[in-house]
1. Return a whole-number percent for the relative contact order of the stretch 18-145, with Cα pairs under 8 Å and 6 or more residues apart as the contact set.
2. Once a ≥ b ≥ c are taken as the square roots of the eigenvalues of the Cα gyration tensor of the stretch 17-71, is the result rounded (a/c under 1.5), prolate (a/b larger than b/c) or oblate (a/b not larger than b/c)?
3. For ILE31 and ASP145, what is the calculated FRET efficiency with R₀ set at 22 Å and r taken between the beta-carbons, to the nearest 0.05?
4. Per residue, how much accessible area does the stretch 30-122 have with a 1.4 Å probe, in Å²?
5. Contact order normalised by length for the stretch 99-167, with contacts defined as Cα pairs under 8 Å and 6 or more residues apart; what percent is it?
6. To one decimal place, what Kirkwood hydrodynamic radius in Å is obtained for the stretch 92-140 from all pairs of distinct Cα atoms?
7. Please state the Cα pair-distance histogram of the stretch 17-122 with 10 angstrom bins from zero: what percent is in each bin?
8. Say each of THR119 and ARG156 gets a label point 7 Å from the Cα, pointing the same way as Cα to Cβ; how far apart are those two points in nm?
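The values are calculated or read from the model by the stated rules, or taken from the named source; none is laboratory data. None of the values given here were measured: they were computed from a predicted structure. Positions of Cβ are backbone-derived with ideal geometry, glycine not excepted, and every protein chain shown enters the neighbour counts. Remember, those area values only see protein heavy atoms, side chains included, never the ligands or the DNA or RNA. Shrake-Rupley method; radii C 1.70, N 1.55, O 1.52, S 1.80 Å.
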Amino acid sequence: DDFLAETRRLEEDFPDTPPPPRCDLPEGASIDALAALAYFHGEDLLESLRRFVQDAGGEYKRGPRKSKSRIRQKTEKDYGGDVARVVDLERATGIFDSVDDLSLAISLLRAASRRGDITIRRCKDRFGHPFPNGYRDLQLNVELDGFVGELQLNLRRISEVKDKAHTVYEVERVLKAGEGRGALQSAVDGP
């Protein structure tokens with residue numbers, strides 16, 4: 001109950017309300033401009049997030065960078081052509097063995113945000129609002145020097161189930177988009 005209250009407060013402080021956050025790029029920026037911003041600031045952002053996760057006793061896993069085709073797809077489908085709203089080009093996951101360690105990570109991130117070391121732009125509290133299939137996590141969009149990336153925080157047991165279920169998600173996404181057999185095989189094989 002204390003943990004859920006903490007995630008709820010985080011979501012209240014950094015709500016997932018429209019419009020979604022965006023990187024500091026001019027209107028009409030290209031995918032290449034987003035990639036350049038990630039090149040110059042993404043590594044610093046991810047390294048700062050690594051420290052918070054590890055200082056709280058978690059395992060840090062850097063995610064793969066989104067492909068240009070996936071960025072284009074998200075930009076057109078979800079963001080009305082605004083590439084700067086793709087805020088998960090650089091992403092990572094903090095995996096924790098206990099709720100206490102995960103709570104400590106949240107506290108460290110909040111303190112860093114209060115100090116101005118990072119800026120938390122949005123929180124999706126899927127512990128308090130799980131998906132219909134029961135999946136839960138905490139997803140933060142964090143900004144550093146105009147670049148916004150994503151940090152997911154989760155418990156190891158949930159993460160282990162997610163790894164198995166992600167292939168199903170990718171297959172469903174490809175089938176819904178009607179991208180064909182090659183894309184389906186790519187989804188099954190991974191990024």
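1. Numbers: 157 pairs, mean separation 35.8, N = 128.
It rounds to 28 percent for the stretch 18-145.
2. Working: a/c = 2.18, a/b = 1.85, b/c = 1.18.
Here the stretch 17-71 falls in the prolate category.
3. Details: r = 19 Å, r/R0 = 0.88.
Computed FRET efficiency for ILE31 and ASP145 comes out at 0.70.
4. Numbers: 4490 Å² over 93 residues.
That works out to 48 Å² for each residue.
5. Numbers: 73 pairs, mean separation 17.0, N = 69.
That works out to 25 percent.
6. Details: mean 1/r = 0.0839 Å⁻¹.
By the Kirkwood definition, the hydrodynamic radius is 11.9 Å.
7. With a bin width of 10 Å, the distribution comes to 14, 40, 32, 14, 0.
8. Computed distance between label sites THR119 and ARG156 equals 3.6 nm.
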